[in-house]
Amino acid sequence: DVVLTQTPVAQPVTLGDQASISCRSSQSLVHSNGNTYLEWYLQKPGQSPQLLIYKVSNRFSGVPDRFIGSGSGSDFTLKISRVEPEDLGVYYCFQATHENTFGAGTKLELK
Amino acid sequence: QVQLKESGPGLVQPSQTLSLTCTVSGFSLMDYSVHWVRQPPGKGLEWMGRMKYDGDTYYNSALKSRLSISRDTSKSQVFLKMNSLQTEDTAIYYCTRSYYGYTYWGQGVMVTVSS
């Protein structure tokens, strides 16, 4: 099974700061078709998760451009520039290249 | 507009079978895949399995022996059945539509396994 390791577990931030979350996979996430199916989700308290990024770096419709996904192979990063109050919550990376798996989550919280 | 809604019993006894329904609207089950994801209280997300648009199914290998997903396209419904429930199966169960990511989610249904 593919294991996604997210760091840090919690990221205290000040509003307006940049935040960065790492997601490392136990295997390469490059599919045999050449695509890399690595996604990022945000779950706010009491809500269903919401898609932010698909295929490593593509923002889903309506996602602000302060969310930037990057990486390749087995090493990926989500950067949030200028954190706003509505960005607080738990971020999950997710891979669909192999049997689908989620990372354990990173809680973005106020300092 | 696209909507998904989970329904099912809130309480299931240990060793019994869980049956959930995901009723969708705004799209056809023959055009999009629907997946099930669950989340134990205070914990992370776990992918359970999927009903592909062509009727093919695929399951989390850790749950495969207990899990079955089916559908009724005429009713726009996807069904989840999981047997031999234990307390660790207590969770919010979500259905979600897949197309370049899980773009739409249901609100989730809380299932508690307890006697």
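The values are calculated or read from the model by the stated rules, or taken from the named source; none is laboratory data. Here the structure is a predicted model, which is why all the values come from computation and not from measurement. Counting neighbours? That spans all protein chains shown, and the Cβs are built from the backbone with ideal geometry, glycine included. To get the accessible areas, we keep the full protein, side chains included, count just its heavy atoms, and leave off ligands, DNA and RNA. Shrake-Rupley method; radii C 1.70, N 1.55, O 1.52, S 1.80 Å.
Side notes on the structure shown:
Residue by residue, here is whether (1) among the charged types (D, E, K, R); (2) touching a strand residue (DSSP E or B) at 6+ places or on another chain (Cβ under 6 Å) holds:
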residue: A:D17; (1), (2): yes, no
residue: A:L38; (1), (2): no, yes
residue: A:G46; (1), (2): no, no
residue: A:L52; (1), (2): no, yes
residue: A:S72; (1), (2): no, no
residue: A:N100; (1), (2): no, yes
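- Taken over region A:92-104, the residue count meeting the criterion of being in a strand (DSSP E or B), open to solvent by 10 Å² or more (accessible area, probe 1.4 Å) and of a type in the set (S, T, N, Q) is 1.
- Meets criteria (in contact with a Ser or Thr (Cβ under 6 Å, 6 or more places away or on another chain), among the polar types (S, T, N, Q) and at pLDDT 95 or above) for A:S72: no
- Qualifying position, being within 15 Å of the chain's Cα centre (by Cα), over 17 Å from B:T17 (Cα atoms) and modelled with pLDDT under 95, among B:Y58, B:Y102: B:Y102
- Qualifying strands (runs of 3 or more DSSP E) (wholly inside chain B; at least 1 residues being more than 25 Å from A:L42 (Cβ to Cβ), open to solvent by 30 Å² or more (accessible area, probe 1.4 Å) and within 14 Å of chain A (Cβ to nearest Cβ)): B:57-59
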